[in-house]
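Below is one structure, written out as structure tokens; the observations come after it.
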Amino acid sequence: MSDGHKVFCVKLQKELAGLNEPPFDTELGKKIYDNVSRDAWNMWMEHCKMLLNEYRLNPARKEDQQVIVQHLEQYFFGEGSALPKEYVPPSRSEARSLPNCPIPVIILRRTKTP
């Protein structure tokens with residue numbers, strides 16, 4: 001992996017290796033490519049998995065895609081993406097991944113209910 005593409009990361013506020021290519025073929029994808037580091041993008045991916053689980057979002061649905069994009073824009077270029085009110089961080093035993101698995105593992109769990 002080449003570290004040739006450097007960006008001043010808007011999230012981490014320092015110069016770091018950028019993404020290898022824009023994540024989307026849109027103006028937003030170009031903006032991310034020009035302003036977001038690989039490290040910050042990986043942080044977003046973890047945050048996005050939490051959003052998918054907590055809000056029960058389906059990335060195949062147009063309405064849910066719009067919600068994800070709104071959170072993404074807030075995460076990098078706004079005040080930050082807020083955690084859901086009901087969010088409970090996973091315990092260490094829940095936070096696990098499969099070795100050598102190219103697809104992120106999303107742990108589905110219920111939020112605490114009063």
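Some points to look at:
- Sorting 76, 24 by the number of Cβ atoms found within 10 Å of their own Cβ, with the fewest placed first, yields 24, 76.
- Proxy reagent accessibility, fewest Cβ within 10 Å first, across 32, 68: 68, 32
- Exposure proxy for 71, 5: other Cβ atoms within 10 Å of each Cβ, ordered fewest to most, give 5, 71.
Here, each number is a calculation from the coordinates, and none is a lab measurement. Since this is a predicted model, take the numbers as computed values, not measurements. Ideal geometry is used to build each Cβ from the backbone, glycine not excepted, and the neighbour counts take in all protein chains shown.
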